[in-house]
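Below is one structure; the comments refer to it alone.
The values are calculated or read from the model by the stated rules, or taken from the named source; none is laboratory data. Quantities reported herein were computed from a predicted structural model and do not represent experimental measurements. So basically every Cβ, Gly included, is an ideal-geometry build from the backbone, and we count neighbours across all protein chains shown. Heavy atoms of the whole protein, side chains included, go into the accessibility calculation; ligands, DNA and RNA do not. Shrake-Rupley method; radii C 1.70, N 1.55, O 1.52, S 1.80 Å.
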Amino acid sequence: MPTALITGITGQDGSYLAELLVKKGYRVIGMARRSSTLNTERIKHLLDDITIVQGDLQDQGSLLALLEEYKPSEVYNLAAQSFVPTSWNQPALTGDVTALGVTRLLEAIRFVDPKIRFYQASSSEMFGKVQEVPQKESTPFYPRSPYGVAKMYGHWITVNYRESFNIFASSGILFNHESPRRGLEFVTRKISDGVARIKLGMAKEIRLGNLESQRDWGFAGDYVEAMWLMLQQDHADSYVIGMGETHAVREFCEIAFAHVGLDYKEYVVQDEKFYRPAEVDLLISDPSRARAVLKWEPSVSFRELVTMMVDSDLARLKKG
Ligand code: NAP
Ligand code: G4F
């Protein structure tokens, strides 16, 4: 039974990846940071099948100790300060966790067992002010937020440890992926939750920022499959993962409201508060390398994703 360590196990992707690896017969060790309140909402259905251990990307010793004790053959680094607006309010913390945290984990691998296979959760946010449309592995980066800058460091340090120390370190440059487990502050979930509340008479409007920005949105459950596939190859590499299509926030609203028989124009209010100091206007992936090498194919379309999220929030809120 192979052992995998997942950092960021309590997050959206951590929960889907843990499900996938358990299904594949892995012993899954999930690293979570200490919190004064219970934070296992997304993985409560998995708690009998996985082991949760304390650790923090800001603490080198905890990472060394975990690798020594559990001896994983694969490490998936999904932990990060992942919310872009917060990265302007807490840029130094974002750099420490999202950038330097990657080095701490790679150092732990180098010292404890350089044969461990490593996955780094890189991001399309690195493309920022896009230099090419669509974006692929060779597209130059131009990050537009402290988060994007931190992820760029994480990406290049992964490539550097691959080349310097021959560590099997792969970087997945993932475009936005969503699900009913997405954090409530991200725009897709904010909309699906808002639509459900409005439909049930619990809210009157949704306040949003830039409705024109475009994202390449896919389903998180499909994207964790790509993470696993990257670590099963003969060589470590970097791969762009996305749907290869882009949609505006406005279109997400239109489909989500129409799904419950409402017109978004009557409920969506644009609010300056949610505009960003610098925006990433147009993300669209070219995932051909992943399709050719990994044989990765997504199973959920954009429209299915939107309606899945609205239905899930409706069901959750109806349950009370
Ligand atoms: P998420 O839901 O925000 O989860 C982030 C996880 O990181 C949480 O488990 C969080 O723990 C943990 N974490 C934060 N700071 C930590 C620290 N100092 N030490 C240890 N753990 C820490 O993010 P996600 O959507 O699952 O994304 C997973 C990864 O993929 C992230 O690295 C993200 O930046 C990257 N990514 C995401 C997308 C996307 O569209 N979802 C696209 C590209 C890349 P708490 O629960 O304690 O906060
Ligand atoms: O949902 P978002 O906050 O996601 P964003 O900034 O694209 O970041 C997510 O995807 C990245 C991959 O590219 C990840 F690396 C990152 O960790 C995270 O998962 O915002 C999407 C778009 C933005 O252009 C934003 O300006 O939606 C726009 N937007 C409009 N109104 C809003 C809102 N975003 C949020 N969060 N809230 C709004 O009210």
Tensor-based shape of the range 41-110 (alpha-carbon gyration tensor, a/c under 1.5 rounded, otherwise prolate or oblate): oblate
Percent accessible area from carbon and sulfur atoms, the chain, protein chains only, probe 1.4 Å: 49 percent
Solvent-accessible surface (1.4 angstrom probe) belonging to Tyr147, in square angstrom, nearest 10: 20 Å²
Whole-Hz ³J(HN,Hα) from phi, Karplus 6.51 cos²θ - 1.76 cosθ + 1.60, for the range 273-283, glycine and proline x: 3, 9, 7, 9, x, 9, 10, 9, 7, 9, 10
Accessible surface of Tyr142 - all protein chains present, 1.4 Å probe, nearest 10 Å²: 100 Å²
Residue-span extension gain [Ala92 to Lys129] - 0.36 nm each, minus C-alpha spacing: 11.1 nm
Degrees between helix 249-259 axis and first principal axis of the chain (Cα, 0 to 90, nearest 10): 60 degrees
Charge dipole magnitude, Cβ of K and R +1, D and E -1 - the range 48-88, Cα centre, debye nearest 20: 200 debye
Lys, Arg +1 and Asp, Glu -1 on Cβ, resulting dipole of the range 166-298 about Cα centre, debye, nearest 20: 420 debye
0 to 90° range, to nearest 10: angle between helix 220-230 axis and the chain longest Cα axis: 20 degrees
Helix 60-70 vs. the chain, principal-axis angle (Cα, 0 to 90°, nearest 10): 70 degrees
Sites Asp263 and Leu38 - FRET efficiency at Förster radius 41 Å, r taken between beta-carbons, to 0.05: 0.55
Per residue, in Å², the accessible surface of the chain once ligands and nucleic acids are set aside, probe 1.4 Å: 44 Å²
The chain: translational diffusion in µm²/s, Stokes-Einstein, Kirkwood Rh over Cα pairs, 10 °C, 1.306 mPa s: 79 µm²/s
Counting DSSP beta bridges with both ends in the chain, the antiparallel % (nearest 5): 5 percent
Rh by Kirkwood over Cα pairs, then Stokes-Einstein D for the range 1-134 at 1.002 mPa s and 20 °C, µm²/s: 138 µm²/s
Most fluctuating residue given options Met308, Met126, Met243, as computed from a GNM of the chain linking Cα atoms under 10 Å: Met308
Table column - 3J(HN,Hα) (Hz), the range 31-41, Karplus curve with 6.51, -1.76, 1.60, x for Gly and Pro: 8, 10, 7, 5, 9, 7, 10, 5, 9, 10, 3
Positive dipole terminus of the range 113-242, leading residue within Ser238, Leu184, Met202 (C-beta point charges): Met202
Over 23 Å (Cα to Cα) - which of Lys23/Lys44; Lys129/Lys295; Lys24/Lys318; Lys136/Lys273; Lys199/Lys273; Lys44/Lys151 fall in this group: Lys129/Lys295; Lys24/Lys318; Lys136/Lys273; Lys199/Lys273; Lys44/Lys151
Local electrostatic count at Ala292 - Lys and Arg +1, Asp and Glu -1, tallied over other residues with Cβ under 13 Å: 0
5 angstrom amide H check on Val300, placed H, neighbours 5+ away: Phe219
Charge dipole of the chain about the Cα centre (unit charges at C-beta), most positive-ward option of Ser123, Ser87, Thr51: Thr51
Heavy atoms of Glu41: accessible area, 1.4 Å probe, square angstrom to 10: 130 Å²
Cut-off under 5 Å, modelled amide H: who pairs with Arg27 long-range: Thr3, Ala4
